[in-house]
1. Kindly establish whether Gly152 is surrounded by fewer than 21 Cβ atoms within 10 Å (Cβ to Cβ), closer than 28 Å to Glu204 by Cβ and under 14 Å from the mean Cα position of the chain (by Cα).
2. Among residues belonging to the stretch 182-220 that are of a type in the set (Ser, Thr, Tyr) and at pLDDT below 85, point out the one that is most open to solvent (accessible area, probe 1.4 Å).
3. Are there any pairs, at least 6 apart or on different chains, whose C-beta atoms fall under 7 Å, with the first in the stretch 29-58 and hydrophobic (A, V, I, L, M, F, W, C) and assigned to a helix (DSSP H, G or I) and the second at pLDDT below 90 and open to solvent by 60 Å² or more (accessible area, probe 1.4 Å), and if so, which?
4. Please verify whether Val179 is open to solvent by less than 30 Å² (accessible area, probe 1.4 Å) and not aromatic (Phe, Trp, Tyr), treating the condition exactly as stated.
5. Would you pick out the residues in the stretch 221-242 that are at negative phi and surrounded by fewer than 20 Cβ atoms within 10 Å (Cβ to Cβ)?
6. Give Val175, Val164, Val201, Val168 a once-over and let me know the one that is assigned to a helix (DSSP H, G or I) and either closer than 25 Å to Asn110 by Cβ or out of contact with any helix residue (DSSP H, G or I) (no Cβ under 7 Å at 6 or more places or on another chain) (or both).
7. Suppose the filter is assigned to a helix (DSSP H, G or I) and either without any contact (Cβ under 8 Å) to a residue 24 or more places away in the chain or open to solvent by less than 20 Å² (accessible area, probe 1.4 Å) (or both); does Val123 pass it?
8. Restrict the check to the stretch 201-211 and report whether at least one residue is of a type outside the set (Phe, Trp, Tyr) and touching a Leu at 6+ places or on another chain (Cβ under 6 Å).
Amino acid sequence: MKRIVLFLFTNLAVMLVLSFTASLLGVNRYLTANGLNFGMLLVFCALMGFGGSFISLFMSKTIAKWSTGARVIEQPQNSTELWLINTVHTLATRAQLPMPEVAVYDGPPNAFATGASKSNSLVAVSTGLLQGMTKEEVEAVLAHEVAHIANGDMVTLTLIQGVVNTFVMFIARVVGYFVDSALRRNSEQSGPGIGYMVTVVVCEIVFGILASVIVMYFSRQREYRADAGAAALMGSNLPMINALRRLGGLEPDGLPQNLQASGISGRQSWMGLFSSHPPLETRIAALQARR
């Protein structure tokens, strides 16, 4: 329940901020008596599309901690936490990164990395992962998450999501305008009607589903790169291969929806098109083919 409330509250806050900003800049007035102002519409859609993505990125660490209940290790309380801090520090040094925050949370086997930049990042690991894997396997998972940070994957996916959001909103409104104009051809009513609003909503849903295929494709590609990055940081493909094999025998996941793409493993969706992660067997095969 806490995760649902947090998700709804965050999205509502983002939309209120963006709506106020659009109104302040005047870019929400893209419908004129002479038709669509395409330049103003594109600016409006870019503001809403990129704005939402970047606000989510900047809030990602805070939201991740709240939604998973992750506890940042300030002072190690036991040998496991001390080992985690030292291991992430070693991996970050090898990757030439500033030391990220390290956190532990209660949950099924998984781990994730998030943060707005390489210098403002978080690596979190679940108690289920720590209990279900050997230290070398956990180290490989941590290396995978550090590789995500080194590759700038959070920012890259944010940019891709922003572009997709912009064009989904833009095309939906253009289609909505022309459909509404066709429906009101012989009408004296001015301004957009119900046809515009209904068409925009339907188009945003349909185009959004299609666009998510593109976003998920890039998400899957970054998993391959992070696996390869982990192997490079570990100096061998074998620890990452063993970690992925171990994951295949565990019950992974357990992350909130907003963090699904950030985890070491994720659910497989219909035909793999909507999956944020490739199947574990294909990731293992890619590592085995790596020299």
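1. In short, no.
2. Ranking the qualifying residues of the stretch 182-220, first place goes to Ser190.
3. Cβ pairs passing all conditions: Met40/Arg29; Phe44/Asn28; Ile55/Val17.
4. Working: open to solvent by less than 30 Å² (accessible area, probe 1.4 Å): no; not aromatic (Phe, Trp, Tyr): yes.
In short, no.
5. Gln221, Tyr224, Arg225, Ala228, Ala232, Ser236, Leu238, Asn242
6. Result: Val201 is the single residue among Val175, Val164, Val201, Val168 that is assigned to a helix (DSSP H, G or I) and either closer than 25 Å to Asn110 by Cβ or out of contact with any helix residue (DSSP H, G or I) (no Cβ under 7 Å at 6 or more places or on another chain) (or both).
7. Numbers: assigned to a helix (DSSP H, G or I): no; either without any contact (Cβ under 8 Å) to a residue 24 or more places away in the chain or open to solvent by less than 20 Å² (accessible area, probe 1.4 Å) (or both): yes.
So Val123 fails the test.
8. Pass one, the stretch 201-211, residues of a type outside the set (Phe, Trp, Tyr): 201-206, 208-211.
If we keep only those that are touching a Leu at 6+ places or on another chain (Cβ under 6 Å) too, we end up with none.
So far as the stretch 201-211 goes, no, none of its residues is of a type outside the set (Phe, Trp, Tyr) and touching a Leu at 6+ places or on another chain (Cβ under 6 Å).
The values are calculated or read from the model by the stated rules, or taken from the named source; none is laboratory data. Here the structure is a predicted model, which is why all the values come from computation and not from measurement. Counting neighbours? That spans all protein chains shown, and the Cβs are built from the backbone with ideal geometry, glycine included. Ligands, DNA and RNA are stripped out before the accessible areas are found, and what is left, the full protein with its side chains, is counted by its heavy atoms. Shrake-Rupley method; radii C 1.70, N 1.55, O 1.52, S 1.80 Å.
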